[in-house]
Amino acid sequence: MPLDPARASKLLQGVTTELCGQCGLGPAPVTEQNYPVYHKYLSQQGIPMYPDDRTFTSFSAYLSRMEQTPAGINLAYFIPHGTVRLAVMGFSHDAPDDRQLAQMRELVEDAMQAGALGLSTGLAYAPGRFAATDELAALTEPVGRYGGVYTSHLRDQGDQLEQSVQEAIDIARRGGARVNVSHHKAVGEQNFGKVRKTTQMLHEAGIPATHDVYPYAASSTMLISTLPMAFAQLEPQALLQALADPGELARLASLLLQGGSGDAAEACGLDRLLIANATKTPEAAGKTIRQIAQARGVSPFEAYAALLRENELGVQYIKFGMSESDVSYLMADELCMFGSDALYVPGMKVTHPRSIGTFPCVLRRAVREEQSISLPEAVRKLTSLPAEVYGLAGNGLDPEAVAQIYEVKGRPSVKPLSLMVHDASAMARYCADVPPAAYTLAEAFWPGPLTIVLRAQDCVPEIVRAGGQTVGLRCPDHPATLALIEAAQLPLAAPSANPSGAPSPKTADDVLAYFNGQIAAVIDGGPCGIGRESTLVDLSHTPYRILRSAAVPDDAVWDALVQKMHIVGITGGTGCGKTTALMELERQGALVIDCDAVYHELLASNTAMLAEINARFPGTIENGTLQRKRLGAVVFADAAALDDLNAITHRYVRAEVRARLRAWARRGGTVAAIDAIALIESGLAELCTVTIGVTAPREVRIERLIAREGVTRDYAEARIDAQKPNEWFAQHCSYVLDNGGTLADFQRRCHQLIQEVLS
């Protein structure tokens, strides 16, 4: 098909930048092996072909060629998934093996390095429709690392619209990328109104999400998209042969009658489709399939198959199957951008009006007639919003830009720079092996003065890392800085705006005094207050460590991790079987803290606790050793004295338990257990996410105690009767485990309960 380098259809609408490679199809990359099927298939779909397209073995080679091609407007590019799949797998509808998936990831990585905006998919079209969600998520991962966008022509815009939108969100989330739903719509009367649900899904996606629409209730695409999978998976030549085979035609008719092609055209009725372009039978343009069938004296299906066969699959159509109210609703949504979704080819007899009128129509319809959005908002949706979403403002991962920072500041090259990011989702894009602790700290302290150091992805320039393997990320809490990062959709390498060794600036004028003539601009966010450096915590390996103590106290960092731990409190009387429950927790990787053992360790080493006991109970400490009998004689005869002793010891035990939990957090631990008879009374239960009381019948406990410690029955009864009854634990604990049966049964129930509370 001929090229339109002037882009007159866009210029006449005021368009200055066009995004190419949408819907998963484009001219690059290619391989020598798959070039014949690639060329034939893409040319049939209206993808412009170039004389030297055999040389487009990589996306970067294609971009180099485009830089030499005059164009009337600016051009930006997506890496098209369908073309990547054709280059590696040909027209195979199988899932890729590990080698093929690695090859496709390499092609996507090359494209992102070369400057692609992201990955586009056309999941209603072959070969994109052959790809499973896992394949697409794997290919989106390099896109996420470079701050790119996953933009998708959905798998289904009809009956399965909601599921298709969810798939797009899931793919982008798994890849750490932003998501855009291309030409968002619901096709077929039975699906009208669904866009309200799918729009809400985008608002609640939990990742940066947008969608684009055009202001028309009719759409247009290739006729082969209506084919059922059994025929869509055929290579072009094999498909043409099938369309000439009576038996295969009968099978095709049966499959079309059953529905489920994956294309929303079936919701409108194939016979009502308006032919826009037919490469070999131009007289068909402007007529519906039903009209063509009547003129030929054949059935609509026969006319449909003949059109595909006679035009060697090169047929485009227009379908009328959308709701005007849906279109108006989508246009007014704050996440919506406007796009034409059109390939205009000069000389085409019939074309969808979106090719030449989308953007004036937006202003006429939404602003003037419906008044659903203001003129400034419409301008934003036409200009700055797409620029922000697609990162057209510039690449913040540019080594040259970072080098200028070092040069202007006079910063030693051995000192790495941190990257300022907009939110925690950036960690998956720029860092590898991100532990859950990183997201926990981001949730607790971002935006704010905490820099999190992680292993860097390859997309982070070596100059930022100062040759190391890690990078620090920080989310600033100044609204102007956050707005700048959000607009750029890229991380900012932004150290303090002063020459190295000079005092930090307090105003924009101070910055200009330092760097006037060396920097392009200053964003004036007002004068700076007296601040502190960010706390720097290294999570790139365990044990985690504080590299710089500053604005966020060290203990606050570790306490934030402790608060996200699964901490199970185990309590119960003597002989109930707490040890069995604790052993199950140890098997689940838990740190077990025995508070009785902690207490005895403190008696041997904590001079402050001993001094406090001696001050309250004079003469009970001799030569640094607790005189147990002497203390017991006092406290067991006086309930108030016992309460005072517990208040002292419980406070020190709690402090030590907290310290051990912090140490466990530094080692990356996420599960802990606290074993204490006085778990509830001591306040230790406040540290726990769940408490389990272990109980057993009185007689069972007596027998266990006699057998275990060799005491008399009278002693065992007195000891057990002095402890809390089973009913008390039922009232004060989250769960109760009764241990009155066999050991095997108790172990099984312990395992089940621990699995439940840790899930």
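Each value in this text was obtained by applying a stated rule to the coordinates, not by laboratory testing. Every value quoted in this text rests on a predicted model; they were computed, and no experiment measured them. Because the Cβ atoms are built from the backbone with ideal geometry, glycine has one as well, and the counts that use them run over all protein chains shown.
Would you please give the FRET efficiency between Q294 and E189, computed as 1/(1 + (r/R0)^6) with r the Cβ-Cβ distance and R0 = 25 Å, to the nearest 0.05? Show your work: numbers first, answer last.
Working: r = 24 Å, r/R0 = 0.98.
E between Q294 and E189, to the nearest 0.05, is 0.55.
Give, rounded to the nearest 20 debye, the magnitude of the charge dipole that the chain has about its Cα centre when Lys and Arg contribute +1 at Cβ and Asp and Glu contribute -1 at Cβ.
400 debye
With a cut-off of at most 12 other beta carbons within 10 Å, and DSSP calling the residue loop, which trypsin sites (Lys or Arg not before Pro) in the stretch 592-699 qualify? Please list them.
R667
With both partners inside the stretch 15-214, how many of the DSSP beta bridges are antiparallel, as a percent to the nearest 5?
0 percent
May I ask you to sort W446, W558 by Cβ crowding, counting other Cβ atoms within 10 Å and putting the fewest first?
Taking fewest neighbouring Cβ atoms as first place, the list is W446, W558.
With Kirkwood radius over Cα pairs in Å defined as stated, name the option among (1) 31.9; (2) 27.7; (3) 31.0 computed from the structure displayed.
Correct label, based on the coordinates given: (3).
On a C-alpha basis, how far is the centre of the stretch 188-235 from the centre of the stretch 585-631 in Å? Whole number, if you could?
68 Å
Length gain on complete extension for the stretch A218 to E681, per 0.36 nm per residue less the alpha carbon to alpha carbon distance?
Taking 0.36 nm per residue and subtracting the Cα distance, the gain is 159.7 nm.
Checking the cross-link filter: which aspartates and glutamates have an alpha carbon closer than 19 Å to that of K197, excluding same-chain neighbours under 8 positions apart?
In chain and number order, the partners are D156, D159, E162, E167, D170, E189, D212, E324, D326, D333, E334.
Using 0.36 nm per residue, how much length does the chain from D398 to A730 gain when fully extended, once their Cα-Cα distance is taken away?
So the extension gain works out to 113.4 nm.
Using Cα pairs under 8 angstrom and six or more residues apart, how large is the relative contact order of the stretch 140-246, in percent?
24 percent
Which listed residue (Q237, Y304, F320) has the Cα farthest towards the positive end of the charge dipole for the stretch 218-321, taking +1 on Lys and Arg C-beta and -1 on Asp and Glu C-beta about the Cα centre?
F320
Tell me the relative contact order for the stretch 15-214 as a rounded percent, counting alpha carbon contacts under 8 Å between residues six or more apart. Don't skip to the answer; put the middle values down first.
Details: 387 pairs, mean separation 38.3, N = 200.
Relative CO of the stretch 15-214 lands at 19 percent.
Angle between the Cα long axis of helix 607-616 and the longest principal axis of the chain, 0 to 90 degrees, nearest 10?
Relative to the chain, helix 607-616 is tipped by roughly 50 degrees.
Cut-off is 10 Å between beta-carbons; in what order do K578, K724 appear when sorted fewest neighbours first?
Arranged by neighbour count, lowest to highest, K578, K724 become K724, K578.
What share of the DSSP beta bridges in the chain is antiparallel, in percent to the nearest 5?
35 percent
What's the angle, to the nearest 10 degrees (0 to 90), between helix 639-666's Cα axis and the longest principal axis of the chain?
40 degrees
Positive end of the dipole of the chain, charges at C-beta (+1 Lys, Arg; -1 Asp, Glu), about the Cα centre: which of L679, L482, A560 has its Cα farthest in that direction?
Positive-end residue among those listed: L482.
Based on DSSP H runs of at least 4 residues, each adding -39500 (n - 2.57), what is the mean residue ellipticity at 222 nm of the chain after dividing by all its residues, to the nearest 500 deg cm²/dmol? If you can, show how the numbers build up before the last one.
Numbers: 34 runs with 336 residues, N = 759.
It lands at -13000 deg cm²/dmol.
Name the residue from S92, G467, A442 whose Cα lies farthest towards the positive end of the charge dipole of the chain, charges +1 on Cβ of Lys and Arg and -1 on Cβ of Asp and Glu.
G467
Provide the gained length on full extension for the span A647 to A604, in nm with one decimal, where the gain is 0.36 nm per separating residue minus the Cα-Cα distance.
Going from the current span to full extension adds 13.6 nm.
Could you list D477, D341 so that the one with the fewest beta carbons within 10 Å of its beta carbon is first and the one with the most is last?
D477, D341
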